[in-house]
Amino acid sequence: SQTIHQWPATLVQPVGSPLSLECTVEGTSNPNLYWYRQAAGRGLQLLFYSVGIGQISSEVPQNLSASRPQDRQFILSSKKLLLSDSGFYLCAWSVGGGGGYTFGSGTRLTVV
Amino acid sequence: ELKVEQNPLFLSMQEGKNYTIYCNYSTTSDRLYWYRQDPGKSLESLFVLLSNGAVKQEGRLMASLDTKARLSTLHITAAVHDLSATYFCAVVGAAGNKLTFGGGTRVLVKP
């Protein structure tokens, strides 16, 4: 069966520090991968999505970036965090064609 | 640009009564999803609606889709405390794979 792993679960980082969040999917090939962010008490905003290795589409201009070095690995990064980067980050995968979108357990990031 | 709106944003329910959450979207789509989120947790998939007139039911929850009206409803029958959570609808636009979310409806079921 397919599973999605996201880590770390929680993270407290100072302003100006770098960030690396990782997401991996097991049990499927060539998934579509997504990074969403949820600010406190708010809805979900799509940050990046990828339909294949090395293919990244950015939805919102910001100081975050994403990379997909392997088929089932999706990484969210920042060189210098801002206070406004705080939030709940969710990775998701789908295989298209009317299938579902499955979300990881999320990373709660607090920038202090 | 696809926009998805949910209402109400907050719903205070009494146990045993029926309620409906509405989800409107702005452009053509034939794929709509409902999710549940408990506080501090990730999203749990509830329903996938893939065609006009689709109706899905699971326990006290029933979701339906009207693609012509660009409207989905999530109906809660005889609310119970365990249904307290935030419910999101999400739509895939005609352009492809991106899932766009509504703002969510926070549901609180009181005894």
For this session: Please work out which one of (1) assigned to a strand (DSSP E or B); (2) over 21 Å from A:G43 (Cα atoms); (3) not basic (K, R) is the condition B:V109 fails and give its number.
Result: (2)
For this session: Being of a type in the set (S, T, N, Q) and surrounded by 16 or more Cβ atoms within 10 Å (Cβ to Cβ) is the filter; apply it to region A:5-44 and report the residue that is farthest from A:T102 (Cα to Cα).
Result: A:Q13
Exercise. Which of the residues belonging to region A:7-24 are modelled with pLDDT under 95 and part of a strand (DSSP E or B)?
Worked result: A:W7
Problem set entry | Conditions (1) of a type in the set (S, T, Y); (2) closer than 26 Å to B:G96 by Cα; (3) buried (at least 21 other Cβ atoms within 10 Å of the Cβ); number of the one not met by A:S105 | (3)
Exercise. Do you know which of the residues in region A:62-102 that are among the β-branched types (V, I, T) and under 18 Å from B:L99 (Cα atoms) is surrounded by the fewest Cβ atoms within 10 Å (Cβ to Cβ)?
Worked result: A:V95
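Could you tell me whether any residue of region A:27-48 is in a strand (DSSP E or B) and either touching a Pro at 6+ places or on another chain (Cβ under 7 Å) or among the β-branched types (V, I, T) (or both)? Break it down into steps so the answer makes sense when it comes.
If we filter region A:27-48 for residues that are in a strand (DSSP E or B), which is where we start, we get A:32-38, A:44-48.
Those left that are additionally either touching a Pro at 6+ places or on another chain (Cβ under 7 Å) or among the β-branched types (V, I, T) (or both): none.
Looking for residues that are in a strand (DSSP E or B) and either touching a Pro at 6+ places or on another chain (Cβ under 7 Å) or among the β-branched types (V, I, T) (or both), one finds none in region A:27-48, hence no.
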Seminar exercise, completed: Residue pairs within 9 Å by beta carbon, gap of at least six or interchain, first lying in region B:9-20 and on the phi > 0 side of the Ramachandran plot, second in a loop (DSSP other than H, G, I, E, B), listed first then second, are B:G16/B:A78; B:G16/B:A79; B:G16/B:V80
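Does A:E59 meet the test of being away from chain B (no Cβ under 12 Å), among the acidic types (D, E) and surrounded by 13 or more Cβ atoms within 10 Å (Cβ to Cβ)?
Working: away from chain B (no Cβ under 12 Å): no; among the acidic types (D, E): yes; surrounded by 13 or more Cβ atoms within 10 Å (Cβ to Cβ): yes.
Against the criterion (away from chain B (no Cβ under 12 Å), among the acidic types (D, E) and surrounded by 13 or more Cβ atoms within 10 Å (Cβ to Cβ)), A:E59 does not qualify.
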Problem set entry | Condition broken by B:G96, with the remaining ones in (1) within 14 Å of another protein chain (Cβ to nearest Cβ); (2) surrounded by 15 or more Cβ atoms within 10 Å (Cβ to Cβ) satisfied | (2)
For this session: Filter region A:84-98 down to residues that are over 14 Å from A:L11 (Cβ atoms) and more than 14 Å from chain B (Cβ to nearest Cβ), then give me how many there are.
Result: 1
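The values are calculated or read from the model by the stated rules, or taken from the named source; none is laboratory data. This one's a predicted model, so the numbers in the text were calculated from it and none came from an experiment. Reconstructed Cβ throughout: ideal geometry from the backbone, glycine too, with neighbour counts over all protein chains shown.
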